[in-house]
Ligand SMILES: C[S@@+](CC[C@H](N)C(=O)[O-])C[C@H]1O[C@@H](n2cnc3c(N)ncnc32)[C@H](O)[C@@H]1O
């Protein structure tokens, strides 16, 4: 429920973010939780921005905030919204990064506004004194409390323990850098639509508007400072799309020529679909099992003035298939998304360890099913945005063995830390060719 608070106050934004964090802890993804809050609170753009900022910051610092709360509160704060409020406030005031980027909110203002937020809510008013006491004690005993909390790796790294172990096991040399990068805000990277313009011309357009940017891939341009989508020149006219530099590697690897029949098997929201069609006049089927996500592909293609045959269907089944073989198949399978955690910092708190094996099993079914839909000599590109070998390299190796697939050169596992110049996400690519007869 919308609290009776001034809608431009930090208390209002803290309250909204606290509700969203509580929903994430209950299993809802942060973007959906925030969308629900925005609607219920009738939040205006400025408050939305603040709630989003606090929500995302809290996800990146939730391990530390929860560990501090355990040290500071005698029993678990209830309701979940109160737990969320304390976590948001602690995340904002306890960041060891004391630069303006790490700590943009004044600590005393945060404490004051968190108390105001609690007081304004009938479900939390009883705990107003506790919120004040907990947060003020943190400020008084900050160093000792942080030292104690940081003994727990979950508080130190801000990931669940199983996630830290999985990263350590897979990347004995790079695990700390990978975890660290996952707690930073991602860059805003654009894909220039080569059907409408080119990178050199677009960089000039950006320079004319005093937006600093660099080319970091064949079609990829990274802005020095992220800006809202509405301020990206030419976005509405389809000159550019927002897409990470690693995700932009898919279209080139798939090697599509004009006239080819292409299947994009897990297509929504259509980022890679759009890029493939920008590069070639293909006859493309964009399939996704989630009917609610299909309109996102349609919107993206409409903006780019491109067309595909959109279908709802299960890539692990064939009831949607007309029996005609494809020249190229893109299998951007569902996965834990552990390689894009800096864009989606809530994922780590939503996933369970068992998800990795379950998702890998589904992906294996999808890959085996799609293989029979590929023409001899055709190519299938397997993509995940995961860092776990079970979902990526081990999956690719097992698939090639089961299907006698020829493995062609592709990037393999891209680490989000590997090329800081390009500053891309952690994707995995394996490319397979079907033997002729
Ligand atoms: C990683 S996302 C795809 C991102 C997309 N390729 C892009 O570049 O914008 C995975 C997609 O797979 C879809 N999906 C999950 N299970 C599926 C299945 N069995 N068949 C088809 N699509 C599936 C999800 O709904 C989700 O949209």
- Message: When 1/r is averaged over all different Cα pairs and the result inverted, which Kirkwood radius in Å belongs to the stretch 14-72?
- Response: 11.6 Å
- Item | Estimated 222 nm signal from helices in the chain, with DSSP H stretches of n ≥ 4 weighted -39500 (n - 2.57), rounded to 500 | -13500 deg cm²/dmol
- Message: Could you sort the peptides 257-268, 320-331 by per-residue average Cβ neighbour count (10 Å cutoff), highest mean leading?
- Response: 257-268, 320-331
- Task: Report, to two decimal places, the Cα Rg of the stretch 10-158 normalised by 2.2 N^0.38 Å (N = number of residues).
- Result: 0.95
- Message: Taking 8 Å as the Cα distance limit and 6 or more residues as the minimum spacing, I'd like the relative contact order of the stretch 10-158 as a percentage.
- Response: 29 percent
- Message: For Cα pairs less than 8 Å apart in space and 6+ apart in sequence, what is the mean separation divided by the residue count of the stretch 246-433, i.e. the relative contact order in percent?
- Response: 21 percent
- For the stretch 347-411 versus the stretch 183-212, the gap between their alpha-carbon centres in whole angstrom: 32 Å
- Volume of the Cα convex hull of the stretch 246-433, divided per residue and given in Å³: 119 Å³
- Item | Among 136-142, 246-252, the order from most to least packed when residues are scored by Cβ within 10 Å on average | 246-252, 136-142
- Message: Can you give me the angle between helix 107-119 and the longest principal axis of the chain, using Cα atoms only, in degrees from 0 to 90, rounded to the nearest 10?
- Response: 90 degrees
- Note on the structure: Note: the chain at 10 °C, 1.306 mPa s; Kirkwood Rh on alpha carbon pairs; Stokes-Einstein D in µm²/s works out to 68 µm²/s
- Report, in whole Å, the centroid distance computed from the Cα atoms of the stretch 94-117 and the stretch 13-87. 15 Å
- Message: Can you order the peptides 109-120, 293-304 by their average number of other Cβ atoms within 10 Å per residue, highest first?
- Response: 109-120, 293-304
- Task: Determine the relative contact order of the chain: mean sequence separation of Cα pairs under 8 Å and six or more apart, normalised by residue count, in whole percent.
- Result: 12 percent
- Treat the count of other C-beta atoms within 10 Å as a stand-in for reagent exposure and order 289, 386 from fewest to most. 289, 386
- GNM on the chain, Cα springs under 10 Å; top mean-square fluctuation among 74, 196, 128 goes to 74
- Query: Counting DSSP beta bridges in the chain, what percent are antiparallel, to the nearest 5?
  - Reply: 55 percent
- Under the rule rounded for a/c under 1.5, else prolate if a/b exceeds b/c, else oblate, using alpha carbon gyration tensor axes a ≥ b ≥ c, the stretch 187-243 is classed as rounded
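Bear in mind that the values in this text are calculations on the coordinates, not laboratory data. This structure is a prediction, so every number in the text was calculated from the model and none was measured. A quick note on method: Cβ atoms are made from the backbone with ideal geometry, for glycine too, and the neighbour counts reach across all protein chains shown.
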